[in-house]
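Structure first, then comments.
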Amino acid sequence: MTVPVHYSIRPCSPATHCFEITLTVAKPARKGQVFTLPAWIPGSYLIREFSRHIVSIQASCAGKDVQVRKLDKHTWQAEPVSGSLTLVYQVYAYDLSVRGAYLDEMRGFFNASSVFLAVAGHESSPCEVEIRPPKGRMFADWKVATALPALEVKKSGFGYYRAASYDELLDHPVELGEFQTVSFKACGVPHQFVVSGRFRGDLKRLARDTKKICEYQIKLFGTPAPFERYVFMLYVGKDIYGGLEHRASTALVANRDDLPQAGDEGIGDGYLKLLGLISHEYFHSWNVKRIKPAAFSPYDLSREGYTRLLWAFEGITSYYDDLTLLRCGLIDTPRYLGLLAQTISGVQRGAGRLKQTLEESSFDAWTKYYRQDENSPNSIVSYYTKGSLAALALDLTLRTRSAGKTSLDEVMRALWQKWLTDGQGLAEDEWEAIAQQVTGLSLQDFFDSALRSTEELPLSTLLATQGVDMCWDYADHAADAGGIGMPTAGRKPRASLGVKTAPDPLGLRLINVLDDGAAQQAGLAGGDVLVAVDGLKAGDLDKMLARYRVGEKLTLHLFRRDELLVRDVVLQAQAAATCRLQLQADGGFWLQTGQA
């Protein structure tokens, strides 16, 4: 039987980064078939205008050319025809992130939202996808990795796949190239790890550790898992990091040096960061891919989908990603508390937490979080990081008010059971209502404060109930993000400019100038390039300022664009915004409880 919609995609020109897609519609609309390409991809809340990458597009019917007219930035309409309609179009693919499409002579990758036009009126129809290899001997060893259900494929993976609808098609990214794989089972479910890019690493160790993460999270929500198989697609390179969740897979990018090395059983900071990313994206299999806001049920990918609930879907996921590493035995309690301290420090150091609530942060993701600039630390707060701290505060509040009888784990399991029952998205006020219903606790005061005000979260008080001491300290150096241990008594603050910098060929570029700091009061701005401090070339700012005392004045030379400016600055005392945590002898019980 002929499927209503058939796609064929091949890397037609890897050297020029172009995919060619052939789209056939068996019964096009009588008044002229309309086609659209999504403007954004679920999980990344920014209008990305994927249609800008379409290089050319032609249509035909029965061997004759058919006129195609563009209606708006991502919509086309073909003239009426009698018989099947075929579109052939090219897509430029050179986005190394997890959100778009990429192609060169070494690797290919695509999300369907970047390459497959939707056929208006057939969004709910089954569709078939043929994935074809590039031509040429140099591509003879290329393979395909995807969680998309296969119809008829070769050993290499090239061949025919199916999707029950366009929505399902969008949720299965595809990796192409000469990659390495390792497989394992978690709670009986086959999992595959696909790693591409140049690297040397212990993939068996990666699979062994990832299995612990997967099994913990599956058991947390309850078996069976919500997928029959799962694929991790990891590209490793230099200075890259990120992930994007899908219903039975995830696309990841990370530094090649973050992979575990053979013979090294430790977990360095880079590998820990990678494991946290894996944990985060896998947790999304439940929290946002299934349990989701009503605003995303279904997704309207032609325009923004506004919700005030991203704190619950990204923030709570960010709480559980590192907590999973502890509870499944990959790290110990001090290591976890060190990570927690760094998150607390990061939120505390931004004045945006005093100006934007978590609900506002969630709602404004489209215009603020995903479009950050030099002033963002002063004006916004992250629904990821502060959201994870709100989840921690909620978890500890539940445990404290119920005398240990309930926790956030129970709320998450109840949300999952609700989704299994009705498959519906959550109304904007429904998450809070379910949390109170499940726990039997009145939490209105907590939600009003944590989500709808800029009041500080009572973390110190809540952590103390669990045997964890928290205090504020002065950073030892620019890279000091906090950690374990109490500060030395009598420490004094160092002199500070109140800036974040990055190396520049001329000296130091000011990435952020923080609210009410010495630099801001002297008129410095983000983007300025600091070239000299009191007549000496700007270099290691920590070392340079260590020779000055709070209240002293110094002269700065800097470029703003191509103009040389001179500013006198009075140094301020650094803020005590570095979190230190200390575990008491009988503390941290909540970290080990609630294990699946």
Subject >> Test for Leu415: is it farther than 23 Å from Asp586 by Cα, in the same structural domain as Trp366 (by TED's automatic domain parsing) and crowded, with 21+ Cβ neighbours inside 10 Å >> reply: yes
Subject >> Filter result for Trp40 (in contact (Cβ under 8 Å) with a residue 24 or more places away in the chain, buried (at least 19 other Cβ atoms within 10 Å of the Cβ) and out of contact with any strand residue (DSSP E or B) (no Cβ under 8 Å at 6 or more places or on another chain)) >> reply: yes
Original post:
Quick check: anything in segment 226-239 touching a strand residue (DSSP E or B) at 6+ places or on another chain (Cβ under 9 Å) and assigned to a helix (DSSP H, G or I)?
Top reply: no
**OP:** Output yes when any residue across segment 444-452 is over 30 Å from Gln584 (Cβ atoms), basic (Lys, Arg), loosely packed, with under 14 Cβ neighbours inside 10 Å and under 29 Å from the mean Cα position of the chain (by Cα), and no when none is.
**Re:** yes
**OP:** List the number of the failed condition for Thr24; all other conditions in (1) assigned to a strand (DSSP E or B); (2) closer than 30 Å to Pro293 by Cβ; (3) in contact with a His (Cβ under 8 Å, 6 or more places away or on another chain) hold.
**Re:** (2)
Original post:
Is segment 182-202 home to any residue that is over 30 Å from Phe19 (Cα atoms), of a type in the set (A, V, I, L, M, F, W, C), without any contact (Cβ under 8 Å) to a residue 60 or more places away in the chain and in a loop (DSSP other than H, G, I, E, B)?
Top reply: yes
**OP:** Scan segment 453-476 for residues that are over 19 Å from Trp590 (Cα atoms) and within 28 Å of the chain's Cα centre (by Cα) and report the count.
**Re:** 5
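Would you mind listing the helices (runs of 4 or more DSSP H) fully within segment 256-363 where at least 1 residues are under 24 Å from Trp40 (Cβ atoms)? Outline the logic, then answer.
On the way: elements: 269-283, 316-327, 333-348, 358-363.
Qualifying helices (runs of 4 or more DSSP H): 269-283, 316-327, 358-363.
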Original post:
Which condition number in (1) in a strand (DSSP E or B); (2) surrounded by 15 or more Cβ atoms within 10 Å (Cβ to Cβ); (3) basic (Lys, Arg) is the one that Arg99 fails?
Top reply: (1)
Original post:
Can you tell me which residues in segment 217-240 are at positive phi and under 18 Å from the mean Cα position of the chain (by Cα)?
Top reply: Asp239
Original post:
Would you pick out the residues in segment 561-596 that are more than 33 Å from the chain's Cα centre (by Cα) and either closer than 28 Å to Gly527 by Cβ or in the same structural domain as Met470 (by TED's automatic domain parsing) (or both)?
Top reply: Asp562, Glu563, Leu564, Leu565, Val566, Arg567, Asp568, Val569, Val570, Leu571, Gln572, Ala573
**OP:** From the list Glu314, Glu360, pick out the single residue that is in the same structural domain as Ala481 (by TED's automatic domain parsing) and crowded, with 23+ Cβ neighbours inside 10 Å.
**Re:** Glu314
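Out of Pro226, Pro260, Pro190, which single residue is within 30 Å of Leu415 (Cα to Cα) and surrounded by 15 or more Cβ atoms within 10 Å (Cβ to Cβ)?
After ruling out the rest, the residue left standing is Pro226.
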Subject >> Of the criteria (1) within 17 Å of the chain's Cα centre (by Cα); (2) surrounded by fewer than 20 Cβ atoms within 10 Å (Cβ to Cβ); (3) under 29 Å from Cys471 (Cα atoms); (4) of a type in the set (D, E, K, R), which one Asp322 fails >> reply: (2)
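The values are calculated or read from the model by the stated rules, or taken from the named source; none is laboratory data. Predicted model, so just to flag it, every value in this text is computed and none were measured. With ideal geometry, Cβ positions are generated from the backbone for all residues, glycine too; neighbour counts draw on all protein chains shown.
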